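The values are calculated or read from the model by the stated rules, or taken from the named source; none is laboratory data. Owing to the predicted nature of the structure, the values given are computational and were not obtained by experimental measurement. In this analysis, Cβ positions are derived from the backbone assuming ideal geometry, glycine residues included, and neighbour counts consider all displayed protein chains.
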Amino acid sequence: MTNTWYLYLFFSAALISAGLYALLAKRNLIKLFIAIEVIAKGVSLLLLATGFARNNVLVAQALVVTFIVIEVSLVATALAIIINIYRHTKSLDVRRLAKLKG
Amino acid sequence: MIVQTSLLVGLVLFSVLAILLRDLLKAAVSLAVASLLLGIIFFRMNASYAGVFEISVVAGLITVLFILTIALTNKGEEVRESKLANLVFPLFFVVFIIIDALVMKGLLQKIPALPSSPESGAFGDVLWKGRTLDLVGQIAVILAGVFSVLALFRKRDKHD
Amino acid sequence: MIILFVALPLVVAGVLPLIGKISRRVLPDLLANAALLFLLVYAVAAGRPLIANGPVLQQLTWLGEAVNLHLALDGFSLLMLMAVSLVGLCVTLYSVDYMEHYGAKANYYALLLIMIAGMNGLVLATDLFNIYIFLEVAAVASYSLVAFGLGHDELEAAFKYLMLSVVASAFILVSIAVIFGMTGSLSLPAVARALQELNAGPVVAISAALFIMGFGLKAALIPFHAWLPDAHPSAPAPISAVLSGLLIKVSGVYALTRIFLNVFGLTPALSTVLMYLGTVSLVGAAFLALGQKDIKRMLAYSSISQVGYIVLGIGLGTPLGIAGGLFHLFNHALAKGLLFLTSGSMQQATGTRNLDEMGGLAKRMPFTAATNLIGSLSIAGVPPLNGFWSKLLIIMALVQAGHPVFALIAVLASVLTLWYYLLIQRKAFFGILNEKWAAVKEAPFWMTASTVILASLCLAIGVLFSLTIKTWIQPAAGVLAEGVQAVIRSWGL
């Protein structure tokens, strides 16, 4: 693997880890979703960088485009759930969602 | 290379900012700027289609959806984040970056890869003819998203 | 035309909301059930002759041009398709009555059909990224189906499920990117061939670890199980049946098995990891199920435990173990689907899921009691029901392969399973009839009918177990036991 791939992998790992930490630590529902968006950026960066390193940008672009479409559907569904939760509890605090014990 | 690296640093910076900022609106804007930078990074990797998609969809559409949600959920009390988590985060992040850099340095040249063949064809062909099942999947996931939103916002005449 | 398995549910799902505007109940019910009935008949009737000479590959032409739509149907995929169609049909039958008071039935059927299309697509895909896409298709549909009732519990469960599921997808994609980087290809046969050439042990290990974390989250193996005990009870009963009976197996176990056995190749290290993971889930979830009062929560923990069994059997890697694991996958899909459906009947009749509040329901709901009993005994592994034979196969395979300790643990966990299922029976159905339920009636026709179908199948497969194993399980196990060669040789594109 070319050396530039490791550069992109470095940044991608930073993004994904920041997103994962925020997912565990944050309490505002919308912040949790921003964390998911950051993870998605890390993943799409990694996918395209891999294609770039292999001189295969076209396939990588197709993957990233598809991934972005999936991401949009996911965001729509998640935000719909968040808005419904807000209507129930009048708050965006994830600690209010502690009724189920998991 | 310098430009690319600085763009990448900007991307990570704005993403972290989006996570840390307390005002949700500013966080959404920060996320949009990060998407913009990512789109430019894609352009510079000769991936113009991915760049356009990233900018128009993620920096555009998703930011609009975010701001819509923020507007609809505005009247509740502000959620106070854990102070401990906010303090620990920079520490964690810096430590992670250091470990990350060392691991990457150690992995240099260690991951084997098959040689790559030169690429041919146009993006349209690759997407429509090369990865057609992906398109079926995209249609399915868009349908799923649309029906989900319709189902989750339907009029309730009875509530249990 | 195996594309029909994906295309038909999608097309029907697309038109359902429009039809729902014209006819709120009858037409959507009819269409959804007809679609699934067609898929089931197609799978059963046309499936085996199709694969008699090896896997069927399909490359379509569309408007005169060759389109790269590669689908592959082999024994393993056919087994999964049958499970999906069977449980799916019973779920849609059940929903005819159960989903009446939720509203928006056409929308519900549309989402359910999209989930089924996603699962079918996952099972027929020949490409790593396609597996990921259809996994997401089924997942996005399932988030809103879990939240369908729009109550507080459902929304909370759906949100937590979504969060964890996104983490799983991230892990899976990172692993796919690494494999793409190494091998330059995403199609399963090409990757299998390339990995054999490359001999890149440590990196494949990292990729495998990421896959285990990602697909393990989807399959709800311990320690990745935290979302399931909340999500499955809160969803409407038919959706719980599809989630527990199908989704965790298709997006978790199937994907993991296909990639590990047919692409990476099952190394001894991988086998050990899988066996330990399976055993931890098996025992841990069984203990966790003991303390539960909510019947659907107990069933949810039981699902985690049985998936542990399946992973233990498949992880063992011997032909007998794989056959046992696959047979148990099929049996559990039927039985757990059945149990969630009957629990829905109980919940609808009594308004509660709390076992302590129920009692003596057998007098008022004989059919539900009987089918619930059959389902419970099947999962607990009591002869001559189907669950007994699949568990026996796994235990025999463990002993044969020289792992008597694992076999002993599996047997003990089985006894534990039997114990808590009999507890459900005693608390809910037998004993003195609680006065509150004196006026309770048996569940409506379609709900009862679908549970009777599933229960009869459990009985039939249990009695005709050798026939079932020979016709359906052996081809599937054979494909997996061949390992990497199965994909390289016969899927070579």
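Tabulated data for the structure shown
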read-out	value
Top-ranked residue in region C:1-34 [being of a type in the set (Gly, Ala, Ser) and either in contact with a Phe, Trp or Tyr (Cβ under 9 Å, 6 or more places away or on another chain) or more than 24 Å from B:Thr132 (Cα to Cα) (or both); ranked as farthest from the other protein chains (Cβ to nearest Cβ)]	C:Ala34
Scope region B:8-29; condition crowded, with 16+ Cβ neighbours inside 10 Å and either under 16 Å from A:Ala25 (Cβ atoms) or more than 8 Å from chain A (Cβ to nearest Cβ) (or both); matching residues	B:Gly10, B:Phe14, B:Ser15, B:Val16, B:Leu17, B:Ala18, B:Ile19, B:Leu20, B:Leu21, B:Ala27, B:Val29
Residue in region C:400-421 that is outside any helix (DSSP H, G or I), touching a residue at least 12 places away in the same chain (Cβ under 8 Å), touching a Phe, Trp or Tyr at 6+ places or on another chain (Cβ under 9 Å) and over 18 Å from C:Ser303 (Cβ atoms) present	no
Complete set of residues in region A:22-32 that are part of a helix (DSSP H, G or I), facing another protein chain (nearest Cβ under 7 Å) and touching a residue at least 40 places away in the same chain (Cβ under 8 Å)	A:Ile30, A:Leu32
Some residue of region C:184-207 being under 26 Å from A:Leu79 (Cα atoms) and either among the polar types (S, T, N, Q) or more than 12 Å from chain A (Cβ to nearest Cβ) (or both)	no
Those residues of region A:83-93 which are surrounded by fewer than 22 Cβ atoms within 10 Å (Cβ to Cβ) and out of contact with any strand residue (DSSP E or B) (no Cβ under 9 Å at 6 or more places or on another chain), in sequence order	A:Ile83, A:Asn84, A:Tyr86, A:Arg87, A:His88, A:Thr89, A:Lys90, A:Ser91
Unique match (being among the hydrophobic types (A, V, I, L, M, F, W, C) and surrounded by fewer than 12 Cβ atoms within 10 Å (Cβ to Cβ)) among B:Leu72, B:Leu91, B:Leu68	B:Leu91
Selection within region C:313-329 - touching a Ser or Thr at 6+ places or on another chain (Cβ under 6 Å) and of a type in the set (A, V, I, L, M, F, W, C)	C:Ile314, C:Phe327
Pairs where the first residue, in region C:343-364, is among the charged types (D, E, K, R) and the second is at pLDDT 80 or above and not in a helix (DSSP H, G or I), C-beta under 6 Å, 6+ apart	C:Arg353/C:Asp294; C:Asp356/C:Lys293
Any chance C:Ile114 is in a helix (DSSP H, G or I) and within 28 Å of C:Asp97 (Cα to Cα)	yes
Condition broken by A:Ala78, with the remaining ones in (1) in a helix (DSSP H, G or I); (2) on the phi > 0 side of the Ramachandran plot satisfied	(2)
Residue satisfying condition, being over 19 Å from B:Gln4 (Cα atoms), more than 7 Å from chain B (Cβ to nearest Cβ) and crowded, with 24+ Cβ neighbours inside 10 Å, within set A:Gly51, A:Gly19, A:Gly42	A:Gly19
C:Val146 surrounded by 23 or more Cβ atoms within 10 Å (Cβ to Cβ), within 25 Å of the chain's Cα centre (by Cα) and within 14 Å of chain B (Cβ to nearest Cβ)	yes
Selection within region B:40-50 - of a type in the set (Gly, Ala, Ser) and surrounded by 22 or more Cβ atoms within 10 Å (Cβ to Cβ)	B:Ala47, B:Ala50
Sole residue being modelled with pLDDT of 90 or more and over 19 Å from the mean Cα position of the chain (by Cα), chosen from C:Leu288, C:Leu243, C:Leu210, C:Leu270	C:Leu210
Filter pass, C:Tyr108 being in contact with a Phe, Trp or Tyr (Cβ under 7 Å, 6 or more places away or on another chain), surrounded by 24 or more Cβ atoms within 10 Å (Cβ to Cβ) and either aromatic (Phe, Trp, Tyr) or outside any helix (DSSP H, G or I) (or both)	yes
Region B:50-66, residues that are within 9 Å of chain A (Cβ to nearest Cβ) and within 26 Å of A:Leu24 (Cβ to Cβ)	B:Val58, B:Ile62, B:Leu65, B:Phe66
Flag for C:Ala407 being of a type in the set (Gly, Ala, Ser) and closer than 25 Å to C:Leu246 by Cβ	no
Qualifying residue in region A:49-57 (condition: among the hydroxyl-bearing types (Ser, Thr, Tyr) and more than 13 Å from the chain's Cα centre (by Cα))	yes
Residues located in region C:259-300, provided they are of a type in the set (Val, Ile, Thr) and farther than 14 Å from C:Tyr420 by Cα	C:Ile259, C:Val263, C:Thr267, C:Thr272, C:Val273, C:Thr279, C:Val280
Yes/no for B:Ala34 being of a type outside the set (D, E, K, R), farther than 23 Å from B:Phe123 by Cα, facing another protein chain (nearest Cβ under 8 Å) and over 12 Å from the mean Cα position of the chain (by Cα)	no
Condition met for C:Ile114 (facing chain B (nearest Cβ under 10 Å) and crowded, with 23+ Cβ neighbours inside 10 Å)	yes
Pairs with Cβ under 7 Å, 6+ apart, first in region C:197-223 and of a type in the set (Ser, Thr, Tyr), second part of a helix (DSSP H, G or I)	C:Ser207/C:Ser175; C:Ser207/C:Val178; C:Ser207/C:Ile179
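Table: residues versus (1) polar (S, T, N, Q); (2) surrounded by fewer than 20 Cβ atoms within 10 Å (Cβ to Cβ); (3) under 27 Å from C:Val280 (Cα atoms).
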site	(1), (2), (3)
C:Met396	no, yes, yes
C:Pro404	no, yes, yes
C:Leu418	no, yes, yes
C:Ile432	no, yes, no
C:Ala443	no, no, no
C:Ala455	no, no, no
C:Ile461	no, no, no
C:Phe465	no, no, no
C:Ala486	no, no, no
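To keep it simple, each residue is scored yes or no on (1) under 22 Å from the mean Cα position of the chain (by Cα); (2) within 7 Å of another protein chain (Cβ to nearest Cβ).
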position: B:Leu68; (1), (2): yes, no
position: B:Thr73; (1), (2): no, yes
position: B:Ala85; (1), (2): no, yes
position: B:Phe89; (1), (2): yes, yes
position: B:Ile99; (1), (2): no, no
position: B:Val126; (1), (2): no, yes
position: B:Ala140; (1), (2): yes, yes
position: B:Ala144; (1), (2): yes, yes
